[in-house]
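Okay, structure first, notes after.
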Amino acid sequence: MKLKLFNSITALLLVAILVSCNDKGESQATASGPSDTAIFPKGDLGPATNFTGKAYNFGLVPDDSIYNTLVGNVFFETSARSNWHFHPSGQILIVLDGEGYHQLEGQTRETMKKGDVIRVPANTRHWHGATETTPLTQMYILPKTENGFVTWQEPVTDEQYQSNN
Ligand code: MN
């Protein structure tokens, strides 16, 4: 009887491991957390004043007078996104995992996937975040920080977030 219970538990564990892996055997992010094999830790929850939903920041290169560049990684839970904002010297986004959206004001929303590199022009209102179904792991590079980092503005409405035209 005890052995039977043990076997049942083992079987359940195996199923749990298998469903958390994709067909390449890599572990995948869940809706609320990066995969076990994620390159960077999840980081610290961003303030609700700047994000809708939950986005976590992990700093990689602090700003200093040698590089004048800020580098970090953000994990967006599904449906989480930044507010509208702009960067005085632009921003480079590199998608490490998952799937997300980004949009420059006046242009259509674009989908971005693992491996995509996005160049956001200087002083251009935009937002970025995860899709409704897949979390997003996204590195950012902020150049020329002597000009500043970011100016935060109003939240992206559900209508804006969902609009793909
Ligand atoms: Mn940005």
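To put it simply, the accessible area of the stretch 42-165 at a 1.4 Å probe is 50 percent carbon and sulfur. Computed with every protein chain present, the accessible area of VAL120 is close to 10 Å² [probe 1.4 Å].
Separation of the stretch 80-120 from the stretch 34-75 is 14 Å, based on Cα centroids. For the pair GLU146 and THR108 in one chain, pulling the backbone fully straight at 0.36 nm per residue adds 10.6 nm over the alpha carbon distance.
For the stretch 23-75, chymotrypsin sites (Phe, Trp or Tyr not before Pro) meeting the loop criterion (DSSP other than H, G, I, E, B) and having at most 13 other Cβ atoms within 10 Å: TYR67.
3J(HN,Hα) couplings calculated from phi for the stretch 60-65 with the Karplus curve 6.51 cos²θ - 1.76 cosθ + 1.60 (θ = phi - 60°) are, in sequence order, 10, 10, x, 5, 8, 7 Hz; Gly and Pro show x.
Solvent-accessible surface of the stretch 26-140, averaged per residue with a 1.4 angstrom probe and all protein chains in place: 47 square angstrom.
The values are calculated or read from the model by the stated rules, or taken from the named source; none is laboratory data. Keep in mind that this is a model prediction, so the values were computed, not measured. Virtual Cβ from ideal backbone geometry, glycine too; neighbours counted across all protein chains shown. For the accessible areas, the whole protein counts, side chains as well, though only heavy atoms, and no ligand, DNA or RNA atoms are used. Shrake-Rupley method; radii C 1.70, N 1.55, O 1.52, S 1.80 Å.
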